[in-house]
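The structure under discussion appears below in the form of structure tokens.
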Amino acid sequence: MPSKFNYEEFVAKDSKEVFELISNFSEYKNFLPGCTNSEILSSSEEYEIGKLDFNFFNKDYTIESKNIKSSSELTIKQLKGPFNSFDASWKVTKKDAGCLVNFSAEFKAPFFMQPFMQKSLIDIFAGKFINAFIGRLL
């Protein structure tokens, strides 16, 4: 059964600056918790193929994804990785004196990851990731 996560927050920063941070995949290693490497493997006008390496609980994980970027939305689809499927999107919408940032993800975890897929743990991990992005902007 797929799991879903949605998060939305107002950020008092320029929407273009916020979206640039979110879509700059190769910089994730500098601020995302557990991310040991982030790189662009290939790119075209339509999309980028990126690779993220993580270490959680003394275990290494690698995710390769197809990342499609528009002017205010980044769509991410796992190509290789620990999940059976993983699709996510970031949307940044200009609002008042800042912007509204929305992150949503839908994923299906394999059996060995099921103990970590409790809603409370997903919320903790996702919260740490979101806070890392927000913290980078401040």
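Calculated mean residue ellipticity at 222 nm for the chain: -6500 deg cm²/dmol, from DSSP H runs with n ≥ 4 weighted as -39500 (n - 2.57), summed, divided by the residue count and rounded to 500.
Nearest 5 is fine: what % of DSSP beta bridges in the chain come out antiparallel, could you say?
Details: 47 of 47 bridges.
Bridges in the chain are about 100 percent antiparallel.
Both the radius of gyration and Dmax for the stretch 3-137 are 14.6, 45 Å, in that order, over alpha-carbon atoms. Per-residue Karplus couplings for the stretch 42-47, computed as 6.51 cos²θ - 1.76 cosθ + 1.60 with θ equal to phi - 60°, are listed in order as 7, 8, 9, 5, 8, 6 Hz, Gly and Pro entered as x. If you wrap the stretch 33-109 in the convex hull of its Cα atoms and look at it from every side, the mean projected area works out to 6.1 nm².
Taking label points 7 Å from Cα along the Cα-to-Cβ direction, Asn6 and Glu73 give a separation of 1.4 nm.
How big is the charge dipole of the stretch 3-137 about its Cα centre, in debye rounded to the nearest 20, if each Lys and Arg gets +1 on its Cβ and each Asp and Glu gets -1 on its Cβ? Mind dumping the intermediate values first?
Numbers: 17 positive and 18 negative charges, 65 e Å.
It comes to approximately 320 debye.
Apply 1/(1 + (r/R0)^6) to the Cβ-Cβ distance of Lys94 and Ala126, taking R0 = 35 Å, and write down the FRET efficiency to the nearest 0.05.
Values: r = 24 Å, r/R0 = 0.68.
The computed FRET efficiency comes out at 0.90.
Calculate how steeply helix 119-137 sits against the longest principal axis of the alpha-carbon atoms of the chain, using the helix alpha-carbon long axis, and give the answer as 0 to 90 degrees to the nearest 10. Rounded to the nearest ten degrees, it is 40.
Read-outs: derived from the displayed coordinates by stated rules, not from any lab. Fair warning: this is a prediction, and the values are worked out from it, not measured in the lab. Cβ: placed from backbone, ideal geometry, glycine included. Neighbour counts: every protein chain shown.
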